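The values are calculated or read from the model by the stated rules, or taken from the named source; none is laboratory data. Every value quoted in this text rests on a predicted model; they were computed, and no experiment measured them. Cβ placement follows ideal geometry from the backbone for every residue including glycine, while neighbour counts extend to all protein chains displayed.
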Amino acid sequence: MPLQITEKELQEILAVVASVASGASVGGLMADERLDFKRRTLQRRLDLLSGQGRLVAQGEGRGRRYLVPARSPDHVEDLRLSTTDLDWLSAEAREIRALVTRPLSKRRPVGYDVSFLASYQPNATFYLPAETRRRLAALGQVGITDLPAGTYLRQILDRLLIDLAWNSSRLEGNTYSLLETQRLLELGETADGKASQEAQMILNHKAAIEMLADQAEEIGFNRYTLCNLHALLSDNLLSDPAACGRLRARAVGISGTVFHPLEVPQQIEECFHDILTKSAAIEDPFEAAFFVMVQLPYLQAFEDVNKRVSRLAANIPLILHNICPLAFVDVEAEDYLNGLIGIYELRRIEYLRDVFVWAYSRSAQRYTAVRQSLGDPDPFRLKYRSQIGSFVREIVQQLLTDDAASRWIRQAAARDIPEADRAQFVETIDVELLSLHDGNIARYRLRPSEFTKWKSEQPK
């Protein structure tokens with residue numbers, strides 16, 4: 001199991017780099033007696049610090065130098081990147097922020113520009129610079145790219161369900177706390193004094209994330225995946241239930257902006273098709289993720305819930321490549337929304353790009369640590385992952401008690417599992433049932449009410 005990179009090690013490197021006014025090279029850092037790292041180990045930590053924005057890399061090859069970003073005196077003691085400041089934003093992003101935070105009366109109304117999408121050519125046009133893509137790739141790798149799509153997602157699903165459902169809902173103004181979200185998802189308990197729509201929004205995220213996990217080897221940038229994500233995320237939240245999972249056929253407005261989305265249904269259909277086609281053709285998973293975060297909200301393909309669809313859809317290429325997901329950890333709603341308004345009104349991506357890079361860096365840190373605590377996946381459980389899930393789900397939903405469940409498992413295994421693996425498979429199901437609790441039922445697509453009812457049927 002890879003060792004976890006500690007904050008103490010990172011602070012030691014930052015202190016040495018900060019002492020070199022002209023910027024520190026890898027060779028110079030290797031020679032510094034204050035540091036004791038092998039070259040590859042040091043490079044990994046430099047890449048991590050660069051991805052977090054705590055170091056800036058300048059130059060290429062042997063001429064590359066690392067510098068600590070300039071800070072005001074108030075920030076000398078705190079080298080950690082914070083979204084409460086503006087120094088983490090590029091100059092272009094700060095310019096966009098100044099423009100989109102002016103009063104609405106000072107901003108010129110604009111409509112959808114079809115050339116913004118038409119001018120993008122997959123693998124020739126890039127929203128993310130090459131260095132940024134390399135940096136994100138280094139942060140996101142977890143060492144299991146040769147395993148089936150969705151393997152890593154399923155490893156961390158219990159944690160991701162809570163993080164992504166909470167953060168994505170929070171960006172929509174949802175007031176559930178992280179703890180309240182956890183209790184809702186694990187125990188089915190709604191928070192007192194909260195609107196029912198807030199609980200529905202979080203539960204809808206859970207259903208959509210589970211769909212991505214359950215169908216990891218079939219999902220993609222296609223109409224089925226995107227429309228079903230919308231149907232799940234908008235369930236019981238739209239005034240017209242028939243609009244769930246369908247492209248919109250009427251005009252919509254967006255509060256807080258002077259942008260007017262496309263209105264002609266045929267054009268919406270054509271642009272949606274182009275977004276899917278171009279997304280599917282993009283080879284770099286991070287470029288594809290960010291492209292979707294830009295173009296789907298800009299089109300406003302659905303009557304509502306477009307931003308939520310884009311945030312979950314951004315995870316599709318990450319899931320397919322078995323790299324860390326994007327959970328929008330620590331992202332401020334103000335930065336995310338202003339980044340989108342910069343796209344709506346100015347067709348400029350730099351602000352949202354900075355938010356995306358920040359968000360992914362934070363998510364990668366969290367889930368790398370989570371995976372290190374989990375260890376490598378069991379090859380046998382990986383081989384039979386879908387069968388294990390369906391067996392456990394069937395036993396719980398049928399309310400089978402111990403004896404009945406044991407008979408059912410053996411009969412079903414005799415029918416579905418090769419004889420050479422049958423005994424180990426039966427033992428694995430027994431262990432899974434003994435380990436089942438209200439905090440891990442999501443991996444089997446079970447509702448809290450189903451688990452509670454099954455548990456009540458078991459002998460005391």
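When the residues of segment 110-132 are filtered to those that are crowded, with 17+ Cβ neighbours inside 10 Å and within 21 Å of the chain's Cα centre (by Cα), the one that is farthest from GLY256 (Cα to Cα) is THR132. Of GLU303, GLU334, GLU394, all but one fail to be of a type in the set (Asp, Glu), in the same structural domain as PHE116 (by TED's automatic domain parsing) and either closer than 30 Å to LEU436 by Cβ or not in a helix (DSSP H, G or I) (or both); the exception is GLU303.
Taking residues in segment 182-193 that are among the β-branched types (Val, Ile, Thr), and partners anywhere that are crowded, with 18+ Cβ neighbours inside 10 Å, the pairs with Cβ atoms closer than 8 Å and at least 6 places apart or on different chains are THR190/LEU184; THR190/ALA199. Residues that are touching a helix residue (DSSP H, G or I) at 6+ places or on another chain (Cβ under 8 Å) and farther than 22 Å from ILE441 by Cα were ranked within segment 397-418; the one that is surrounded by the fewest Cβ atoms within 10 Å (Cβ to Cβ) is ALA414.
Residues in segment 181-193: is at least one at pLDDT below 90 and among the acidic types (Asp, Glu)? Within segment 181-193 (the criterion being at pLDDT below 90 and among the acidic types (Asp, Glu)), the answer is yes, since at least one residue qualifies. The single residue among GLY245, GLY256 that is in the same structural domain as LEU160 (by TED's automatic domain parsing), loosely packed, with under 15 Cβ neighbours inside 10 Å and under 26 Å from the mean Cα position of the chain (by Cα) turns out to be GLY256.
For segment 127-137, the count of residues that are in the same structural domain as PRO297 (by TED's automatic domain parsing), under 30 Å from GLY253 (Cβ atoms) and modelled with pLDDT of 95 or more is at least one. No other residue among ILE282, ILE209 is within 22 Å of the chain's Cα centre (by Cα) and within 25 Å of THR175 (Cα to Cα) apart from ILE209.
I'm checking my understanding of the structure. Among residues of segment 311-327 that are part of a helix (DSSP H, G or I) and of a type outside the set (Val, Ile, Thr), which one is surrounded by the fewest Cβ atoms within 10 Å (Cβ to Cβ)? Looking at residues that are part of a helix (DSSP H, G or I) and of a type outside the set (Val, Ile, Thr), I get LEU320. Within segment 29-50, identify whether any single residue is assigned to a strand (DSSP E or B) and outside the structural domain of ARG135 (by TED's automatic domain parsing), and answer yes or no. Within segment 29-50 (the criterion being assigned to a strand (DSSP E or B) and outside the structural domain of ARG135 (by TED's automatic domain parsing)), the answer is no, since none of the residues qualifies. Consider segment 262-300 and keep the residues that are in contact (Cβ under 8 Å) with a residue 12 or more places away in the chain and in a loop (DSSP other than H, G, I, E, B). The one that is surrounded by the fewest Cβ atoms within 10 Å (Cβ to Cβ) is GLU283.
Scanning segment 12-28 for residues that are within 23 Å of ALA137 (Cα to Cα) and either assigned by TED's automatic domain parsing to the domain that holds ASP330 or not hydrophobic (A, V, I, L, M, F, W, C) (or both) returns a single hit, SER25. Would you check if there is a residue in segment 44-57 being surrounded by fewer than 17 Cβ atoms within 10 Å (Cβ to Cβ) and either modelled with pLDDT of 85 or more or more than 32 Å from the chain's Cα centre (by Cα) (or both)? No, there is no match, as no residue in segment 44-57 is surrounded by fewer than 17 Cβ atoms within 10 Å (Cβ to Cβ) and either modelled with pLDDT of 85 or more or more than 32 Å from the chain's Cα centre (by Cα) (or both). If you filter segment 410-438 down to residues that are assigned to a helix (DSSP H, G or I), among the aliphatic types (A, V, I, L, M) and without any contact (Cβ under 8 Å) to a residue 40 or more places away in the chain, you find that the one that is nearest to PRO459 (Cα to Cα) is LEU434. Filtered by the rule that a residue be in contact with a Leu (Cβ under 6 Å, 6 or more places away or on another chain) and either at pLDDT below 90 or among the acidic types (Asp, Glu) (or both), segment 323-360 gives PRO325, ASP354. In segment 416-450, the residue that is farthest from the chain's Cα centre (by Cα) out of those that are charged (D, E, K, R) and within 30 Å of ALA207 (Cβ to Cβ) is ASP416. Considering the conditions (1) surrounded by fewer than 15 Cβ atoms within 10 Å (Cβ to Cβ); (2) free of Cβ contacts under 8 Å to residues at least 40 places away in the same chain, SER22 is excluded by exactly one of them, (2). Summed over segment 1-19, residues that are modelled with pLDDT of 70 or more and loosely packed, with under 11 Cβ neighbours inside 10 Å total 3.
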